[in-house]
Amino acid sequence: MVNKNHVAGLAKQVKGAVKQAVGKATGNRRTQAEGMADKVAGKVQKVYGDVKDKVRKAL
């Protein structure tokens with residue numbers, strides 16, 4: 001079972017990866033840093049969703 005946080009986290013990771021690549025290709029360090037931040041935020045949100053699923057299954 002996949003929840004909203006899991007899916008949203010994956011989406012943020014993809015968005016961050018694209019943003020980071022664009023920033024790197026254009027030489028824009030700010031965009032590249034924002035992409036890295038989005039990737040990290042997405043990973044955190046995905047892990048939160050995974051933990052939420054595990055707790056739900058345990059109960």
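Just a few scattered comments:
- Among the conditions (1) surrounded by 14 or more Cβ atoms within 10 Å (Cβ to Cβ); (2) on the phi > 0 side of the Ramachandran plot, G27 misses just one, which is (1).
- Positions within the stretch 1-13 being in contact with an Asp or Glu (Cβ under 9 Å, 6 or more places away or on another chain) and surrounded by fewer than 16 Cβ atoms within 10 Å (Cβ to Cβ), in sequence order: M1, V2, N3
- Among residues of the stretch 20-43 that are farther than 25 Å from H6 by Cα, those with a beta-carbon under 6 Å from a residue that is surrounded by 14 or more Cβ atoms within 10 Å (Cβ to Cβ) at least six positions away or on a different chain give the pairs G23/T31; G23/Q32; G23/G35; K24/Q32.
- Residue in the stretch 16-23 that is modelled with pLDDT of 95 or more, outside any helix (DSSP H, G or I) and surrounded by 13 or more Cβ atoms within 10 Å (Cβ to Cβ) present: no
- Some residue of the stretch 43-55 being assigned to a helix (DSSP H, G or I), at pLDDT 95 or above, hydrophobic (A, V, I, L, M, F, W, C) and surrounded by fewer than 15 Cβ atoms within 10 Å (Cβ to Cβ): yes
- Hey, A11 free of Cβ contacts under 8 Å to residues at least 24 places away in the same chain and assigned to a helix (DSSP H, G or I) or not: no
The values are calculated or read from the model by the stated rules, or taken from the named source; none is laboratory data. Quick caveat, the model's predicted, so the values are computed rather than measured. All Cβ positions, glycine included, derive from the backbone under ideal geometry; neighbour counts span all protein chains shown.
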